[in-house]
1. Within 10 Å of each residue's Cβ, count the other Cβ atoms and sort 168, 162, 129, 116 from fewest upward.
2. Find how much the distance from residue 192 to residue 40 grows on full extension, using 0.36 nm per residue of separation minus their present alpha carbon separation; answer in nm with one decimal.
3. Which ³J(HN,Hα) values in Hz, rounded to whole numbers, follow from the phi angles of the range 170-182 under the Karplus curve 6.51 cos²θ - 1.76 cosθ + 1.60, where θ = phi - 60° and Gly and Pro get x?
4. Could you work out how much longer the chain between residue 76 and residue 132 gets when fully extended? Use 0.36 nm per residue separation minus the Cα distance between them, nm to one decimal.
5. Would you calculate the volume per residue, in Å³, of the smallest convex hull containing every Cα atom of the range 79-136?
6. Hey, what do the phi angles of the range 55-72 turn into as Karplus ³J(HN,Hα) couplings, whole Hz, using 6.51/-1.76/1.60 and θ = phi - 60°, x for Gly and Pro?
Amino acid sequence: MLKNRHGATGELGVFEMSGRGLISVADPSQRFLHRRETAVSGVAVAPVIRGARPLLIELQALVTSSPYAAPQRNATGVDQKRLAMWIAVLEKQVGLGLAGRDIFFNATGGVRLDDSGADLAACAAIHSSLTDRPIDQETVLIGEVGLTGEIRAAPAMERRLSEAAHRSFKRAVVPKGSIADIPKGIDVAEVTSLEHAIETAAAGGGVG
């Protein structure tokens, strides 16, 4: 639940309506992910923290040529100003040509994305859509993106990685030096910049 009688708690409860009434979903990450047979462009997976709980959220971006003088920039589940920041950093630090493009961004499952640790995955999804280069389906991305294009550690890195490993993801792209204890079953690719992270996350990329 996002709120109780004493005010906001930051916790997230996931429920579904069944024939027996409203029941709790034991594995919310499974509900927020869609595992495909083949990778598609514009999709990235971010392990995020909601309250005390790590969740895996699929982030989707669609970048197209705009017929309008002022391109559309629409975001669902994320603050519009944060989308604008991601776009600006991708243009300035990676050289991505986003001027004159409509950009649609969605955090799936109706989750409100206010975790800066999802910055890296969001930027990678936008880049993937424009370049039509899918991100490796077995890879998650974790990290806060700075205005100069550097990648910084997010809180609770090990818990995020453990959730990804539990959901059978094989690789994580993370800021260099941010992981002290790597969970069993997942490889870590350490990166120092947004451009390096995007190249590493592409389908077929190796562990850095």
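Please treat every number below as a calculation from the coordinates, not as lab data. Treat the numbers as computed from the prediction; the structure is a model and nothing was measured. Glycine also receives a Cβ, built like all others from the backbone with ideal geometry; neighbour counts cover every protein chain displayed.
1. On the way: 168 10, 162 19, 129 24, 116 15.
Lowest to highest Cβ neighbour count: 168, 116, 162, 129.
2. Numbers: separation 152, 0.36 × 152 = 54.72 nm, distance 2.54 nm.
Contour length minus the Cα-Cα distance gives 52.2 nm.
3. 9, 8, 10, 9, 9, x, 4, x, 9, 10, 8, 10, 7
4. Values: separation 56, 0.36 × 56 = 20.16 nm, distance 2.13 nm.
Fully extending the segment from residue 76 to residue 132 adds 18.0 nm.
5. Details: hull volume 5.8 nm³, N = 58.
Looking at the range 79-136, the number lands at 101 Å³ per residue.
6. Whole-Hz 3J(HN,Hα) from phi for the range 55-72: 9, 9, 10, 7, 9, 10, 10, 10, 10, 9, 5, 9, x, 9, 5, 10, x, 7.
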